[in-house]
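Peer 1: Mind having a look at this structure? Questions to follow.
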Amino acid sequence: MNKSNRKICVVSSSRADYNHLHPLISALDKSKVLDLQLVVTGMHLMKQYGFTYKEIENDNFNISAKIKTDQHDLTTNSIVSCMANQITNSYRVFSKLKPDILVILGDRYDILPIAIMAQILDIPIAHFHGGEKTIAVLDDNIRHAITKLSHLHFVANKDFKNRVLQLGENKKHIYNIGSLGVLALNKIKYFNKKKIFEILNISTPKKYILISIHPEILEKNNKVMINNILSVLNEFEEYYQIFTRPNSDKHSRIIHSAIEKYVSTNSSRSLIINSAGRELYLSLVKNAQLLIGNSSSCLIEAPCLSTPSIIVGDRQKGRPIEKSVIKSSRTIKSIRESIKNALTKNVKSSSNRYYRPTKDLSGILDIFYRCDVQKLMTKDFNDLKRNNI
């Protein structure tokens, strides 16, 4: 590490944000004028999610520190305790690392405490994927709160840029770069279907449906949604069904328990993966007959990989939806018709509202290198009239 280089600390709390951050982490790791610090927390350190920080180490990145959360389950009490622990533990970590800029992505409850602590230590924050909407989840409010705590904003399209402006942020510090996740798609070595089934220890390669479901705010919606999806999937027994484990949000246990019961009853044609890892998950999306659920990958990665996708319920309500994506309500009738339509849909990879033709990340690194970190910390609220919008 060069003592004269600016230290850029990237924080990852889950397999999802790591998938997006990977190209940026790689670019920082290779930089001659910026030094990468990499901190992991959240689901990466939870046994039930497979200790996914090991995947980061397997990618030959050095982890500078782990911020422990001591989260044991998905109850409200455990989540609140997790956030409290993160504030205390992140203070110790950042006091030692002393980064010049802190990089965070998205909207999770296990990222918000990191952003709060950065304020106390006067560390400017570069935030990716602000300005988006996901109405039916707690993440929506957390995302906007993180935006207000941040100083550099890297958004995925012009609509998101306008929302960050509405939140009073300085337009000079808002950059429309598209989605890092879309950029990452071009840097993946994809497995074919035969290799996927070999990795998952499935005897005969066959057509499969990929299911990725996370909870909404209301408990009753989650019960209806997962029970109806499973009921309909049972009608499509000619397709192997691969489930990814829901994230660590409140009500995730409702979904996970229902999936576990379904898989145990249909073990010959279904399985659940705790954590697929970056390359395997994107390969699963690419080779699937369809992706169904409410993950952001239904909206971002699937259209780019020419995979039909179905978005169920309201978790992603507010985000732009491409033509290849089918919207479904939580009813059995709607889910059934959506699956039938998706299985006959011929999807071709096309332009995506999360995509901008950025060939590399040099522009982002240049901003990190040249920005005045002292001036960034002196934030004003920029009224809409002042910005003439």
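Peer 1: Rounded to the nearest 500, what is the 222 nm mean residue ellipticity of the chain from helices alone, with -39500 (n - 2.57) per DSSP H run of 4+ residues and division by all residues? Walk me through the numbers before you get to the answer.
Peer 2: Values: 15 runs with 154 residues, N = 389.
Mean residue ellipticity, 222 nm, calculated: -11500 deg cm²/dmol.
Peer 1: Kindly point out which whole DSSP H helices in the chain project their C-alpha atoms 30 angstrom or further along the helix axis while averaging a Kyte-Doolittle hydropathy of -1.0 or above. Display every interim value, and only then the final one.
Peer 2: Numbers: long enough: 76-97 (31 Å, 0.09).
Span-like helices here: 76-97.
Peer 1: Here's something else I'd like to know. Suppose each label sits 7 Å from its Cα in the direction of the beta carbon; what would the Y190-S81 distance come out to in nanometres?
Peer 2: 4.4
Peer 1: What distance in nm separates the simple spin-label points at N201 and K148, each placed 7 Å from Cα in the Cβ direction?
Peer 2: Label at N201, label at K148, 4.9 nm between them.
Peer 1: So how much slack lies between Q48 and V373, counting 0.36 nm per residue of separation and subtracting their Cα-Cα distance, in nm? Spell out each step's value before the answer.
Peer 2: Details: separation 325, 0.36 × 325 = 117.00 nm, distance 3.86 nm.
Going from the current span to full extension adds 113.1 nm.
Peer 1: If packing is taken as the average number of other Cβ atoms within 10 Å across a peptide's residues, how do 369-379, 220-230, 262-272 rank, most packed first?
Peer 2: 220-230, 262-272, 369-379
Peer 1: State, as an integer percentage, the relative contact order of the stretch 193-343 based on alpha-carbon contacts under 8 Å between residues 6 or more apart. Before the final figure, lay out each step's value.
Peer 2: Numbers: 250 pairs, mean separation 38.0, N = 151.
Dividing the mean separation by the residue count of the stretch 193-343 yields 25 percent.
Peer 1: Right, next: Would you mind classifying the stretch 193-343 by shape? Square roots of the alpha carbon gyration tensor eigenvalues, ordered a ≥ b ≥ c; an a/c under 1.5 is rounded, otherwise it is prolate if a/b is larger than b/c and oblate if not. It would help to have the intermediate numbers written out before the result.
Peer 2: On the way: a/c = 1.39, a/b = 1.17, b/c = 1.19.
Judged from the Cα gyration tensor, the stretch 193-343 comes out rounded (a/c under 1.5).
Peer 1: Now for a different question. Among L112, I255, A126, whose Cα projects farthest towards the positive end of the dipole of the chain, with charges put on the beta-carbon of Lys, Arg (+1) and Asp, Glu (-1)?
Peer 2: The listed residue farthest towards the positive side: A126.
Peer 1: Continuing with the same structure: For the stretch 1-133, count the residues as N, evaluate 2.2 N^0.38 Å, and divide the Cα radius of gyration by that value, please. Don't skip to the answer; put the middle values down first.
Peer 2: Numbers: Rg = 14.2 Å, N = 133, 2.2 N^0.38 = 14.1 Å.
Taking the Cα Rg and dividing by 2.2 N^0.38 Å, one obtains 1.00.
Peer 1: In what sequence, highest mean first, do 124-132, 154-162 appear when ranked by Cβ atoms within 10 angstrom? Working shown, then result.
Peer 2: Values: 124-132: 24.7, 154-162: 20.7.
So the peptides 124-132, 154-162, ranked by packing, come out 124-132, 154-162.
Peer 1: If we count every other residue with Cβ under 13 angstrom of E260's Cβ, Lys/Arg +1 and Asp/Glu -1, where does the sum land?
Peer 2: Values: positive: R245, R253, K261; negative: none.
Neighbourhood net charge equals +3.
Peer 1: About the Cα centre of the chain, how large is the charge dipole given +1 on each Lys and Arg Cβ and -1 on each Asp and Glu Cβ? Please answer in debye to the nearest 20. Walk me through the intermediate numbers first.
Peer 2: Details: 57 positive and 35 negative charges, 141 e Å.
Dipole size: approximately 680 debye.
Peer 1: Of the listed pairs K189/K340; K207/K340; K54/K195, which have alpha-carbon separations greater than 26 Å here? Intermediate values should be presented prior to the final figure.
Peer 2: Numbers: K189/K340 30 Å; K207/K340 15 Å; K54/K195 22 Å.
Distance filter (> 26 Å) returns K189/K340.
Peer 1: With +1 assigned to the C-beta of every Lys and Arg and -1 to the C-beta of every Asp and Glu, and no other charges, what is the dipole magnitude of the stretch 193-343 about the Cα centre in debye, to the nearest 20?
Peer 2: On the way: 23 positive and 13 negative charges, 21 e Å.
In debye, rounded to 20, the stretch 193-343 gives about 100.
The numbers here are math on the coordinates, done by the rules we state, and not lab data. Computed from a prediction, not measured in an experiment: that's the story for all the values here. Neighbour counts are summed over all protein chains in view; Cβ atoms, including those assigned to glycine, are modelled from backbone coordinates with ideal geometry.
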